[in-house]
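> This is the structure, below, for whatever I ask next.
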Amino acid sequence: MLKNIFEHIWLRLFAHRRLARINHYRLSLAQKSLGINNYISDAISGESYWCQLMLQQFKPSVIFDIGAHKGDYAKMFRQHGYAGKIYLFEPHPETFKVLSQHISADEATSLFNIGFSDTAGSHLLFDHAGDSGSPHATLFSSVITDLHGSEHASSVAVELQTVDQFAAVNKIDRISLLKIDTEGNEYKILLGASKLLRENRIDIIQFEFGEMNVASRIFFKDFYDLLSGQYHLYRLLPNDLLPLEPYNARRHEIFIYQNIIAINRKMYP
């Protein structure tokens, strides 16, 4: 009863066209408090908190950084004292050159100029025309033209593998943390890790969900159906993890940048 009264008063006060701008701002702030569209820094996005939590509580030994770009994610883990193995994957040839300059390969750090999907082969990677490797590079041209407003998209052929294939060839038994930032192709990459998932050999997954999934035509429900049987799902907050169970279309199908964390139920009952 009180809730209905409050909503009635709220609508009388604020449901007006002239207040649309401030209402949108209120909505944006509410979404940010739920871990949506926080990207200004590692502290605001929650990645700094997550890195510390990952190292303190889960103690990873093998990290896959898929879509490594210039290596900032790996650097963050190293700066927080992580001494384990990191595999960095960046398909864009120009960005890979920069990555190779920023990150030194050694026995604990391996760099690969490849991408991943649900099948292996060659695929066009799209970017802003004239750009030599932006963080928006994607397998979906509409991410560049429709979402980021470029009139034209450039393209380059890149090599794709599957996570299952790479792990088998390189004799990797378990992945502690599988981080995926591939501008819309995250779901297909997880499909390409189906054997590892089925055999329970991936402990924790971090992936992005947002506007790019409009281009790839993937709903949050697709991720939920694929992962929720084995993993607890969370949205990353600046200093916490927000549980995302059970599924609710109104609360989950929000196509705005967010980091999703999937923690194996055997590790985190």
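The values are calculated or read from the model by the stated rules, or taken from the named source; none is laboratory data. Given the structure is predicted, the values throughout are model-derived calculations rather than measurements. Cβ placement follows ideal geometry from the backbone for every residue including glycine, while neighbour counts extend to all protein chains displayed. For the accessible areas, the whole protein counts, side chains as well, though only heavy atoms, and no ligand, DNA or RNA atoms are used. Shrake-Rupley method; radii C 1.70, N 1.55, O 1.52, S 1.80 Å.
> Where does each of 200-211, 149-160, 12-23 land if you order them by average Cβ count within 10 Å, highest first?
My ranking of the peptides, most packed first, is 200-211, 149-160, 12-23.
> Taking the simple approach of a point 7 Å from Cα along Cα-to-Cβ for both residue 8 and residue 28, what is their distance in nm?
Distance between the two pseudo-spin positions: 3.3 nm.
> Relative contact order of region 154-269, please, whole-number percent, based on alpha carbon pairs below 8 angstrom and at least 6 residues apart.
That works out to 27 percent.
> Right, another one. Separation between the residue 249 and residue 194 pseudo-spin-labels, each 7 Å from Cα along Cα→Cβ, expressed in nm?
Distance between label points: 2.6 nm.
> Hey, with R₀ at 51 Å, roughly what FRET efficiency would residue 19 and residue 168 work out to, going by the Cβ-Cβ distance, to 0.05?
0.35
> Kindly write out, for region 71-78 in residue order, the coupling ³J(HN,Hα) from the Karplus curve 6.51 cos²θ - 1.76 cosθ + 1.60 (θ = phi - 60°), rounded to whole Hz, with x marking Gly and Pro.
Result, rounded to whole Hz: x, 4, 5, 5, 4, 4, 5, 5.
> Before anything else, pin down the relative contact order of the chain: Cα pairs under 8 Å, at least 6 apart, normalised by residue count, whole percent.
19
> Let me ask you something else. Using the C-alpha gyration tensor of region 91-137, what are the square roots of 5 times its eigenvalues, in whole angstrom, with the largest one first?
21, 17, 7
> Above 24 Å lies some portion of the pair distances; for the chain, what is it as a whole percent of all C-alpha pairs?
That fraction is 52 percent.
> Could you look at region 194-269 and say what percent of its accessible area is carbon and sulfur, using a 1.4 Å probe and all protein chains?
C and S fraction of accessible area: 53 percent.
> Please report, in debye to the nearest 20, how large the charge dipole of region 167-269 is about its Cα centre when each Lys and Arg carries +1 at its beta carbon and each Asp and Glu carries -1 there.
Magnitude of the dipole: close to 360 debye.
> Another question, then. Could you do me a favour and compute the accessible area per residue for the chain, 1.4 Å probe, result in Å²?
Each residue of the chain exposes 52 Å² on average to a 1.4 Å probe.
> Charges at C-beta only: +1 for Lys and Arg, -1 for Asp and Glu. How large is the resulting dipole of the chain about its Cα centre, in Debye rounded to 20?
Dipole magnitude for the chain comes out near 1100 debye.
> Taking only the Cα atoms of region 161-269, how large is their convex hull per residue, in Å³?
It is 101 Å³ per residue.
> Between residue 242 and residue 106, what length comes free when the chain is fully extended (0.36 nm per residue of separation minus the Cα-Cα distance, one decimal in nm)?
45.4 nm
> Dimensions of region 1-154 along principal axes (Cα, Å, largest first)?
Between the extreme Cα coordinates on each principal axis of region 1-154 lie 64, 45, 28 Å.
> Provide 136, 102, 92 ordered by accessible surface of protein heavy atoms (probe 1.4 Å), highest first.
The ordering from most to least exposed comes out as 102, 136, 92.
> Quick one: Cα convex hull volume of region 1-92, Å³ per residue?
162
> Moving on. Which whole-number percentage describes the relative contact order of region 83-132, with Cα contacts under 8 Å and a sequence gap of 6 or more?
45
> Moving on. Can you tell me the 0 to 90 degree angle between the C-alpha axis of helix 20-32 and the longest principal axis of the chain, rounded to 10?
Computed tilt is about 50 degrees.
> Could you please state how large a percent of the accessible area of region 1-152 is carbon and sulfur, counting protein chains only and using a 1.4 Å probe?
56
> Put +1 on the Cβ of every Lys and Arg and -1 on every Asp and Glu Cβ in region 1-145; which of 25, 10, 125 then has its Cα farthest towards the positive end of the dipole?
Going by the Cα projections, it comes out as 10.
> Same structure again: Return the long-range amide H neighbours of residue 237 (sequence gap of 5 or more, or a different chain), with a cut-off of under 5 Å between placed amide H atoms.
For residue 237, whose amide H was placed from the backbone, the distant partners under 5 Å are 242.
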